[in-house]
Amino acid sequence: MTEKIGVVGAGIVGLAVARELAATRGAEVTVLEKEGRVGAHQTGHNSGVVHAGIYYPPGSLKARLCREGVALLKEYCARHALPYEEVGKLVVAATRAERPRLAALAERARANGVPGITELDALGLREVEPHAVGVAAIHSPRTAIADFPAVARRLALDVAELGGSVRLRHPVRGIRETSRGVEVVAGTGRFAFDRLVVCAGLGTDAVAAMAGRPGSVRIVPFRGEYYALRGAARDLVRGLIYPVPDPRYPFLGVHLTRHVGGEVLVGPNAVLAGAYEGYTWRNFRNFPQILAWPGTLRMARRHWRTGVKEVYGSLVKSAFAEAARRYVPELTADDLRRAAGGVRAQAVARDGSLVDDFAVDVHGNVVLVRNAPSPAATSSLAIAQHIAGIVPAPSR
Ligand SMILES: Cc1cc2nc3c(=O)[nH]c(=O)nc-3n(C[C@H](O)[C@H](O)[C@H](O)COP(=O)(O)OP(=O)(O)OC[C@H]3O[C@@H](n4cnc5c(N)ncnc54)[C@H](O)[C@@H]3O)c2cc1C
């Protein structure tokens with residue numbers, strides 16, 4: 001009998017997993033998605049950068065799956081005529097104090113096998129980005145940009161072509177493990193699967209609770225706000241300009257990113273959101289639940305100074321502009337107009353630490369993706385191979 005596998009979530013990770021399981025195991029896959037379109041959340045609200053693997057600790061899942069994911073994604077985009085442009089990235093040290101961290105980053109990038117990394121001085125960086133300033137930079141010429149929502153749409157077509165289905169407007173409401181597999185109630189339907197893979201991003205905790213597997217970490221939503229550059233200000237940025245990240249956080253700091261459509265975005269910051277899908281300040285729908293997790297308050301106590309700074313930057317446009325002007329001083333606040341933001345699903349442990357690496361748990365017939373923040377869009381095809389390797393094999 002054909003193995004039946006359900007996947008919760010039609011983001012880029014869920015769709016890649018579904019495609020991989022259908023292609024390599026011949027499974028009949030059904031993707032259950034609560035929204036009316038694929039890629040509606042993180043997949044459709046991000047910086048669009050195909051990360052080259054500069055930042056991640058060598059040996060981590062992120063380091064390995066990012067490098068593998070880049071190769072797979074590049075080939076996938078070429079095969080399906082999807083945009084993929086190697087516009088290159090500069091990571092810029094704005095002050096001498098940041099130079100040791102920049103050098104460590106260059107070393108890490110090389111250890112991860114990132115191709116073409118060069119270290120540049122203040123003049124050298126201007127040859128790459130003529131309007132950028134800094135005391136030094138590393139240049140990653142192969143860092144690329146892609147259209148992740150378009151990749152997700154193409155993956156959904158692949159799933160259908162492989163005999164699977166993507167059921168939109170099917171919020172998962174109940175999960176029950178049985179002796180034969182997993183029963184799922186989604187929308188108005190009831191589904192029986194042999195295995196279930198949960199790739200629910202911001203909805204992970206709710207779905208994990210339905211499966212009776214709350215786990216040892218919880219998703220804390222961090223809103224990332226963006227501004228878009230107006231008119232001629234876009235010409236001030238050729239590719240991607242990033243700060244040297246603060247090693248205490250998995251977030252990369254406000255950066256300037258060219259997108260495949262030609263738009264240049266500035267952002268994202270990282271503000272604790274009041275709801276899992278808290279795209280605006282007004283939405284505090286899940287705040288009691290988010291605060292109820294002991295890790296949230298422990299994290300807030302540890303990082304409150306940064307938190308206050310991020311909130312200030314969120315509310316005061318000139319502060320946001322100042323973060324960008326640090327790297328491109330010709331920019332003014334008038335060059336910036338608000339653009340749509342995203343919300344990151346970041347797993348936080350009970351002790352308040354932010355889970356840095358990708359995390360996937362297997363419980364019987366249920367596989368739960370617990371943490372798939374950036375660069376999970378970049379890594380999605382490799383994450384799918386990784387997960388396909390750990391979904392328990394059919395017992396019949
Ligand atoms: C601001 C920001 C910037 C980023 N920049 C980058 C970048 O430049 N490069 C990069 O590689 N990564 C980046 N990322 C990270 C990347 O976007 C995510 O890691 C990736 O999209 C995760 O994909 P996903 O499929 O796990 O999650 P999602 O895309 O969020 O998909 C999860 C899906 O599950 C569905 N779902 C949830 N609950 C249920 C339920 N009960 N029933 C049915 N469906 C449900 C949701 O509706 C959603 O469609 C960024 C993220 C953000 C937020």
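Read-outs: derived from the displayed coordinates by stated rules, not from any lab. These figures come from a predicted structure and were not determined experimentally. As a convention, Cβ positions derive from the backbone with ideal geometry for all residues, glycine included, and neighbour counts pool all protein chains shown.
When each of the peptides 245-253, 190-198 is scored by how many other beta carbons lie within 10 Å of its residues on average, the order from highest to lowest is 190-198, 245-253. Put the Cα centre of region 53-123 next to the Cα centre of region 322-396 and the gap is 16 Å. Taking a sphere under 10 Å around the Cβ of Gly212 and counting the other residues whose Cβ falls inside, with K and R at +1 and D and E at -1, yields a net charge of +1. Taking the number of Cβ atoms within 10 Å of each Cβ as an exposure proxy, the fewest-first ranking of Arg370, Arg238 is Arg238, Arg370. Lysines within cross-link reach of Lys62: Cα-Cα under 30 Å, excluding same-chain residues under 8 positions apart? Once the sequence-local lysines are set aside, what remains near Lys62 is Lys4, Lys34, Lys74, Lys89, Lys309.
Here the peptides 199-208, 147-156, 161-170 are ranked by packing, the mean other Cβ count within 10 Å, and the order with the highest first is 199-208, 147-156, 161-170. Computed on the chain, with alpha-carbon pairs under 8 angstrom and 6+ residues apart, the relative contact order is 23 percent. Residues whose amide H falls under 5 Å from that of Arg370, counting only those 5 or more places apart or on a different chain, are Ala359, Val360, Asp361, with hydrogens built in the peptide plane.
In a simple Cβ point-charge model (Lys, Arg +1; Asp, Glu -1; nothing else charged), the chain has a dipole of about 860 debye relative to its Cα centre. When each of the peptides 299-305, 350-356 is scored by how many other beta carbons lie within 10 Å of its residues on average, the order from highest to lowest is 350-356, 299-305. What does the charge add up to near Trp293, with Lys and Arg as +1, Asp and Glu as -1, over the other residues with Cβ less than 13 Å from its Cβ? Taking every other residue near Trp293 into account, the sum is +1.
Compared with the dominant Cα axis of the chain, that is its longest principal axis, helix 148-161 is turned about 20°. Put simply, the amide H of Arg173, placed in the peptide plane, has neighbours under 5 Å in Val185, Ala186, Gly187, leaving out anything fewer than 5 places away on its chain.
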